[in-house]
Amino acid sequence: MDVATALKQRISTRAFLDTPVSEADVRAILDDARWAASGGNLQPWRVKVVAGEARQRVIDAVQEKLAKNPFENEAPFPVYPESLWEPYRSRRYQVGEDMYALLGIPREDKGARLAHLMANYQFFGAPVGLFFLIDERMNPNQWAHLGMFMMSICLAAEARGLATCMQEAWTPHSKTVAGALGVEAPEIVYCGMALGHADTSAKVNQLRSRRAEIDDIAAFEGF
């Protein structure tokens, strides 16, 4: 599979089969992804990979936290700016509406929408979860490099016939996740990722988010 195919084929998979993924497969994916670009070669990332009991331990910890205070944000930052502006607000709104329309969940069915959101905290059924750590003393440049590492994992997984979903849904519960994983300061948990075999029969996996046209995101000069 070439890079262009992997980029266009990758989606945020939101329904997985319970087919196991071996440690060897995850190691091979990380072995490819560790060559991601990194300014100054800092490689400012660490990843905790969980399966089996360890995966369940994180799920249980976050479920307990949600039962006590579902709205508490433990992260030092919000996932999105509090008041998104255009065109970003419309893009975020559109992908959500496209997904719920595909699932046949109307806007007024708050319960069904919440249930779908809560599936994040089961890794959408994926047998493997990854959590990305960064030293809190790093600056925005290193956060960008962490993102490049994460995308490299997604593409490496795609090339091996595995699916992923980057999950910022874990970010507001980052301290709870850190506690379950034994992560200590100055490291912090940024977000998670589900990894496994896509359930190709699930409607939600038919979703293809819309993308802006080239001329909406790029300006060309001197050609």
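A full extension of the chain between Thr200 and Glu168 corresponds to an added length of 9.2 nm, given 0.36 nm per residue minus the alpha carbon distance.
Placing a pseudo-label 7 Å from each Cα along the Cα-to-Cβ vector at Ala28 and Ala67 gives an inter-label distance of 4.0 nm. Summed over qualifying helices (DSSP H, 4 residues or more, each -39500 (n - 2.57)) and divided by its residue number, the chain shows a 222 nm mean residue ellipticity of -12500 deg cm²/dmol.
How much accessible area per residue does the chain have, counting only protein heavy atoms and a probe of 1.4 Å, in square angstrom? Result: 58 Å² of accessible area for each residue.
Rg/Rh for segment 1-126 (Cα atoms only, Rh after Kirkwood) is 0.98. Counting only protein heavy atoms and using a 1.4 Å probe, what share of the accessible area of segment 54-96 belongs to carbon plus sulfur, as a whole percent? The C+S portion of the solvent-accessible surface of segment 54-96 is 54 percent. When only alpha carbons are used to place a centre, segment 22-38 and segment 78-104 end up 31 Å from one another. Note on Lys203: lysines with a C-alpha under 25 Å away, same-chain residues under 8 apart excluded, are Lys8, Lys110. Using 0.36 nm per residue and subtracting the Cα-Cα separation, the extra length available between Asp109 and Ala6 on full extension is 33.6 nm. Each label was represented as a point 7 Å from its Cα along the Cα-to-Cβ direction; for Arg92 and Asp135 these points are 3.1 nm apart.
Kindly provide log₁₀ I(q)/I(0) values, in the same order as q = 0.16, 0.23, 0.25, 0.27 Å⁻¹, from the Debye equation applied to equal alpha-carbon scatterers of segment 84-156. Log10 I(q)/I(0), no solvent term: -0.93, -1.08, -1.08, -1.10.
Extension gain, Arg208 to Gln56, is 51.8 nm, computed as 0.36 nm per intervening residue step minus the present C-alpha separation.
Among the DSSP beta bridges whose two residues both lie in the chain, what percent are antiparallel, rounded to the nearest 5? The antiparallel proportion sits near 100 percent.
The values are calculated or read from the model by the stated rules, or taken from the named source; none is laboratory data. Every value quoted in this text rests on a predicted model; they were computed, and no experiment measured them. Counting neighbours? That spans all protein chains shown, and the Cβs are built from the backbone with ideal geometry, glycine included. The accessibility values were calculated without ligands, DNA or RNA, using every heavy atom of the protein model including side chains. Shrake-Rupley method; radii C 1.70, N 1.55, O 1.52, S 1.80 Å.
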